[in-house]
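Input: a single structure, listed below in structure tokens.
The values are calculated or read from the model by the stated rules, or taken from the named source; none is laboratory data. Only a predicted model underlies this, so the values are computations on that prediction, with no experimental measurement involved. Ideal geometry is used to build each Cβ from the backbone, glycine not excepted, and the neighbour counts take in all protein chains shown.
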């Protein structure tokens with residue numbers, strides 16, 4: 001085994017969840033029929049408890065656009081996407097020197113923006129909108145797109 | 001938390017997989033080989049993301065299997081130092097906390113990375129079972145097992161696989177009976193150990209910071225005991 005590239009791009013929790021859903025993890029209540037390993041189901045279960053289960057690709061792109069003015073590092077953006085902080089105290093540990101770099105108003109503004117882009121879910125998350133199983137070739141093509149889309153938000157800062 | 005990693009591997013595909021399309025066969029073999037395993041310095045392999053190229057298909061003399069050189073991408077779990085993650089408290093003992101993510105459970109918070117001053121106190125409501133308590137200006141903040149907890153990654157270690165055996169001190173015939181007792185408190189080998197800290201504003205059990213304060217955490221704990 002040879003590691004060609006240890007870091008070929010970071011993924012947000014949402015992208016991993018989306019990938020597992022596209023493998024059919026969401027719509028198999030028996031957990032036997034879909035080609036998803038038990039260890040992958042564990043990851044799927046964990047991600048379904050996080051805020052990633054309510055996010056959409058559009059919302060993430062919108063957030064990355066809107067957060068450009070705050071001049072955040074990639075790792076900070078990734079962490080905000082994964083945790084969806086909506087109070088200032090949740091921002092403090094994520095963003096280094098947040099009070100110096102952004103000021104109290106900036107932090108407040110950022111939390112409001114996060115809440116507006118990723119609203120608190122009112123209904124059950126819709127996990128049904130996943131690609132059909134059995135279209136291997138298409139899934140591969142989609143995976144290529146995920147790579148591109150996945151790296152895009154990371155490279156914006 | 002999750003990364004893509006590109007790997008090249010020389011893979012033996014057994015003849016029993018010949019009836020499958022080649023990509024399916026290779027993907028199945030790769031999943032058997034890598035899924036839920038830790039690769040040192042790379043992290044915990046979650047999933048095979050895609051297969052980039054397949055070369056060869058050489059059959060070695062006196063072997064029935066085709067050997068391919070495959071370049072593929074894995075999704076790996078590899079938190080970076082400074083990242084904030086939410087998990088669940090799995091255990092608390094005199095050495096600190098152990099946190100679980102469901103798919104990964106070797107996350108430890110040692111005593112010196114707990115908020116200070118913290119104390120390991122018996123919990124009168126829970127039959128004297130001990131839990132960690134953060135004493136903030138005389139106000140106790142408890143960390144219960146099964147609490148949702150937010151932590152920051154401090155460091156990641158990939159311990160080498162232990163090869164040398166423990167020297168046997170006693171050669172008595174009761175050795176077999178004694179051995180299990182000694183091993184009770186020995187941690188099983190973990191190929192990836194994450195050290196985390198909760199000593200910062202906004203870190204620690206989620207209930208500490210959601211505005212409702214400790215009263216809420218107490219109420220939750222009581223509700224759990226009742227149920």
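Below is a table of values for the structure above.
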| read-out | value |
| --- | --- |
| Qualifying residue in region B:74-91 (condition: within 20 Å of the chain's Cα centre (by Cα) and away from chain A (no Cβ under 14 Å)) | yes |
| Flag for residue B:8 being facing chain A (nearest Cβ under 9 Å) and in a helix (DSSP H, G or I) | no |
| Residue satisfying condition, being touching a helix residue (DSSP H, G or I) at 6+ places or on another chain (Cβ under 9 Å) and exposed (fewer than 15 other Cβ atoms within 10 Å of the Cβ), within set B:94, B:81, B:65, B:40 | B:94 |
| Answer residue from region B:6-37, given it is surrounded by 17 or more Cβ atoms within 10 Å (Cβ to Cβ) and within 19 Å of the chain's Cα centre (by Cα) and is farthest from residue B:66 (Cα to Cα) among those | B:36 |
| Hey, residue B:161 outside any loop (DSSP other than H, G, I, E, B) and either within 14 Å of chain A (Cβ to nearest Cβ) or modelled with pLDDT under 85 (or both) or not | no |
| Options B:51, B:99, B:107: the member that is within 13 Å of chain A (Cβ to nearest Cβ) and in contact with a helix residue (DSSP H, G or I) (Cβ under 9 Å, 6 or more places away or on another chain) | B:51 |
| The one condition in (1) assigned to a strand (DSSP E or B); (2) more than 8 Å from every other protein chain (Cβ to nearest Cβ); (3) buried (at least 17 other Cβ atoms within 10 Å of the Cβ) that residue B:46 fails to fulfil | (2) |
| Enumerated helices (runs of 4 or more DSSP H) restricted to region A:41-94, each holding at least 1 residues that are in contact (Cβ under 8 Å) with a residue 24 or more places away in the chain and facing chain B (nearest Cβ under 9 Å) | A:74-83 |
| Residues located in region B:14-25, provided they are within 14 Å of residue A:35 (Cβ to Cβ) and assigned to a helix (DSSP H, G or I) | B:23, B:24, B:25 |
| Residue count for region A:43-64, restricted to those that are farther than 19 Å from residue A:114 by Cβ and crowded, with 20+ Cβ neighbours inside 10 Å | 3 |
| Verdict on residue B:127 being more than 26 Å from residue B:36 (Cβ to Cβ) and either modelled with pLDDT under 80 or in contact with a helix residue (DSSP H, G or I) (Cβ under 6 Å, 6 or more places away or on another chain) (or both) | yes |
| Within region B:26-43, considering residues that are within 12 Å of residue B:75 (Cα to Cα) and part of a helix (DSSP H, G or I), the one nearest to the other protein chains (Cβ to nearest Cβ) | B:31 |
